[in-house]
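The values are calculated or read from the model by the stated rules, or taken from the named source; none is laboratory data. For clarity, every value in this text was computed on a predicted model and none was experimentally measured. As a convention, Cβ positions derive from the backbone with ideal geometry for all residues, glycine included, and neighbour counts pool all protein chains shown.
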Amino acid sequence: MHYQGTIYRPPSEAGSILLQVTTGCSHNKCSFCGMYKGQRFTIKPEDQILADIDFAAAHYPQARRLFLCDGDALILPQERLLTILERIETRLPLITRVGIYANAKSLRSKSIMELQELHRHGLGIVYMGLESGDDPTLAAMHKGATVAEMIETGTKARRAGLQLSVTVLLGIAGPERSSLHAAATGRVLSALDPEYVGALSLMLEPGTNLYSEYQAGRFAMPEPLAILQELRTMIANTELSQGLFHANHASNYLPIRAKLPVEKAETLALLDQAIAGKMALKPEHLRAL
């Protein structure tokens, strides 16, 4: 496989074939993110991508899932994506789901009919980084989209038949807007009604703009208990018809995995115990991105 740079994928794609179709991120301006800093966004040559699919077919013929890397691969032109998906269908017929990162810009660039066409050819799930449902927080983090745009494009993906996995970021609003960010994010998750929610806790990365803001005293990190309170407020304000709310990433202080709405009450009770100091939290040195 022809990999360039560091390859990132969602935790749920741990067992998937990782097919790199772009390098870097087409936006690459988020203040908190250091994943693709210093890496130019490029679309990889088609012959190289098709050769990698053939390699995967020869070495992993029994694979059931495949993920298209890197950040925001959905930005690829429609015909290029269709060529890739059709080759996967032909050479890896046991693949049941192809996943992809997307943002509001790339989802906006595709019509619902184009998304439906991609779905018919195997695209099954879109991973979208919401981060916050609070517009001032999104603007401060240079996310490149408003809450309304996030809801519009995420809803379009769901209407096209795609599963939606949404990532939110605890602590991103700092102490001042913590409760506003948490409640607003819960409301946006309710509007999107995704199949999956993944909550991560902010970890400052050297080299990012947010780290520089922190060093300069212009951004403060919330304390661990404040992060847990943020998570509690977020879940309390989230109404999903049938979804999984994950907060068991390595960055989190307390692992949570809840089916909503059926496990909402017991999850809130668990968080209340932790906030009251009745449960041990993950030590800072064991947290990781």
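Worth pointing out:
- Number of positions in segment 244-267 that are farther than 17 Å from residue 229 by Cβ, touching a strand residue (DSSP E or B) at 6+ places or on another chain (Cβ under 7 Å) and in a loop (DSSP other than H, G, I, E, B): 2
- Taken over segment 116-145, the criterion of being part of a helix (DSSP H, G or I) and either closer than 24 Å to residue 187 by Cβ or in contact with a strand residue (DSSP E or B) (Cβ under 8 Å, 6 or more places away or on another chain) (or both) is satisfied by 135, 136, 137, 138, 139, 140.
- Residue that is modelled with the highest pLDDT [pool: residues in segment 270-284 that are outside any helix (DSSP H, G or I) and over 25 Å from the mean Cα position of the chain (by Cα)]: 276
- For the condition in contact (Cβ under 8 Å) with a residue 40 or more places away in the chain, β-branched (Val, Ile, Thr), over 30 Å from residue 231 (Cα atoms) and surrounded by fewer than 21 Cβ atoms within 10 Å (Cβ to Cβ), residue 112 qualifies.
- Restricting segment 27-52 to residues that are of a type in the set (Ser, Thr, Tyr) and surrounded by fewer than 20 Cβ atoms within 10 Å (Cβ to Cβ), the residue that is farthest from the chain's Cα centre (by Cα): 42
- Criterion applied to 182, 148, 157, 220 was being surrounded by fewer than 17 Cβ atoms within 10 Å (Cβ to Cβ), in a helix (DSSP H, G or I) and of a type in the set (A, V, I, L, M, F, W, C), and the one residue passing it is 148.
- Any hit, segment 91-106, residues being touching a Cys at 6+ places or on another chain (Cβ under 7 Å) and crowded, with 16+ Cβ neighbours inside 10 Å: no
- Residue within segment 54-66 that is over 19 Å from residue 5 (Cα atoms), in a strand (DSSP E or B), of a type in the set (Lys, Arg) and in contact with a Ser or Thr (Cβ under 9 Å, 6 or more places away or on another chain) present: yes
- Answer residue from segment 250-269, given it is at pLDDT below 95 and either basic (Lys, Arg) or surrounded by fewer than 17 Cβ atoms within 10 Å (Cβ to Cβ) (or both) and is nearest to the chain's Cα centre (by Cα) among those: 250
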